[in-house]
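**Q** A single structure is presented below for examination.
The values are calculated or read from the model by the stated rules, or taken from the named source; none is laboratory data. Predicted model, so just to flag it, every value in this text is computed and none were measured. Every residue, glycine as well, gets a Cβ built from its backbone with ideal geometry; the counts of neighbours run over all protein chains shown. Side chains included, ligands, DNA and RNA excluded: accessible areas come from the protein's heavy atoms. Shrake-Rupley method; radii C 1.70, N 1.55, O 1.52, S 1.80 Å.
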Amino acid sequence: MFICRDVSKIRENSKLAADNKMLQVYNSSVSHELLTPLRCIVEISSKLVKQKKLINADAEFKMQVVVNSAQMLLNQVSGNLDKNLLDKDMFKPMFEAHKLYDVIKSTIDMLTLQADERRIKIKYSGMNNGSDNSMQVMIDKTRVQQILVNLIQNSIKFSTAGDFIDVSID
């Protein structure tokens, strides 16, 4: 008895698996290399903001945007590393108590310059249920900010000059 099989699909799947593994290793390596300089940017810019020796309030605001943006980028790089954990079913969200207002406000501040360039205003209406802005919630701040950035950037992209983007919570 003689059996013939086409093994081209098996070889193709093996190559795809090897390529995927190589991509994961590369992604992990690049992410690790970016962590140190990003942490440095966040640390130094945070210290500048805390010193309160900047030229004026506008410079202080812009420096805070730099801090928030660098922190967000640092979180994105860390998120790349988290994806490897997710692929291995080892990812655990980082639920911590945060003031929701602060998370939303810092995200809006980070995107305000982008919106201003297109003459679009972003407004945070707060909680529609009348809750206090100091309310703390248990969230994974990084993931919530990623979602907010995506939603607000899409709103900016599809808005026209003079439009308002209203961010509120129901």
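**Q** Restricting attention to the range 134-150, does a residue exist that is in contact (Cβ under 8 Å) with a residue 12 or more places away in the chain, touching a Gly at 6+ places or on another chain (Cβ under 8 Å) and open to solvent by 70 Å² or more (accessible area, probe 1.4 Å)?
**A** no
**Q** Next up: Please verify whether residue 28 is surrounded by 14 or more Cβ atoms within 10 Å (Cβ to Cβ) and within 15 Å of residue 80 (Cβ to Cβ), treating the condition exactly as stated. If you could, list the steps in order and put the result at the bottom.
**A** On the way: surrounded by 14 or more Cβ atoms within 10 Å (Cβ to Cβ): yes; within 15 Å of residue 80 (Cβ to Cβ): yes.
Considered against the rule, which asks whether it is surrounded by 14 or more Cβ atoms within 10 Å (Cβ to Cβ) and within 15 Å of residue 80 (Cβ to Cβ), residue 28 comes out as yes.
**Q** Going residue by residue through the range 108-115, is there one that turns out to be among the aliphatic types (A, V, I, L, M), out of contact with any strand residue (DSSP E or B) (no Cβ under 9 Å at 6 or more places or on another chain) and part of a helix (DSSP H, G or I)?
**A** Within the range 108-115, one or more residues are among the aliphatic types (A, V, I, L, M), out of contact with any strand residue (DSSP E or B) (no Cβ under 9 Å at 6 or more places or on another chain) and part of a helix (DSSP H, G or I).
**Q** Here is a further query. Surrounded by 15 or more Cβ atoms within 10 Å (Cβ to Cβ), in contact (Cβ under 8 Å) with a residue 60 or more places away in the chain and of a type in the set (Gly, Ala, Ser), is that true of residue 78?
**A** Yes: the conditions hold for residue 78.
**Q** Just to be sure, is residue 105 open to solvent by 70 Å² or more (accessible area, probe 1.4 Å), within 20 Å of the chain's Cα centre (by Cα) and within 23 Å of residue 168 (Cβ to Cβ)?
**A** Yes.
**Q** Exactly one of these conditions fails for residue 98: (1) out of contact with any Lys or Arg (no Cβ under 6 Å at 6 or more places or on another chain); (2) within 18 Å of residue 145 (Cβ to Cβ). Give me its number.
**A** Of (1) out of contact with any Lys or Arg (no Cβ under 6 Å at 6 or more places or on another chain); (2) within 18 Å of residue 145 (Cβ to Cβ), only one is false for residue 98: (1).
**Q** Same structure, new question: Please verify whether the range 50-61 includes one or more residues that are surrounded by fewer than 16 Cβ atoms within 10 Å (Cβ to Cβ), modelled with pLDDT under 85 and closer than 22 Å to residue 167 by Cβ.
**A** Looking through the range 50-61, at least one residue is surrounded by fewer than 16 Cβ atoms within 10 Å (Cβ to Cβ), modelled with pLDDT under 85 and closer than 22 Å to residue 167 by Cβ.
**Q** Next question, about the same structure. It is to be established whether one or more residues within the range 127-136 are at pLDDT below 85 and charged (D, E, K, R).
**A** So the first thing to find is which residues in the range 127-136 are at pLDDT below 85, and the list is 127-135.
Pick out the ones that are also charged (D, E, K, R) and you get 132.
Checked against the condition, which is being at pLDDT below 85 and charged (D, E, K, R), the range 127-136 yields at least one hit.
**Q** Something else: Residue 100: modelled with pLDDT of 90 or more and within 24 Å of residue 82 (Cα to Cα), yes or no?
**A** Criteria not met by residue 100.
**Q** Of the conditions (1) modelled with pLDDT under 90; (2) open to solvent by less than 70 Å² (accessible area, probe 1.4 Å); (3) outside any loop (DSSP other than H, G, I, E, B); (4) more than 26 Å from residue 23 (Cα to Cα), residue 72 clears all except one; give me its number.
**A** (4)
**Q** Report yes if residue 33 is at pLDDT 75 or above, assigned to a helix (DSSP H, G or I), of a type outside the set (A, V, I, L, M, F, W, C) and open to solvent by less than 60 Å² (accessible area, probe 1.4 Å), otherwise no.
**A** No.
**Q** Another question, then. Testing residue 85 on (1) free of Cβ contacts under 8 Å to residues at least 60 places away in the same chain; (2) touching a strand residue (DSSP E or B) at 6+ places or on another chain (Cβ under 8 Å); (3) among the aliphatic types (A, V, I, L, M), one condition comes back false. Which one is that?
**A** Residue 85 satisfies all of (1) free of Cβ contacts under 8 Å to residues at least 60 places away in the same chain; (2) touching a strand residue (DSSP E or B) at 6+ places or on another chain (Cβ under 8 Å); (3) among the aliphatic types (A, V, I, L, M) except (2).
**Q** Let me ask you something else. Within the range 131-156, which residues are in a strand (DSSP E or B), touching an Asp or Glu at 6+ places or on another chain (Cβ under 9 Å) and either under 19 Å from residue 73 (Cβ atoms) or of a type outside the set (Val, Ile, Thr) (or both)?
**A** Matches in the range 131-156: 138, 140.
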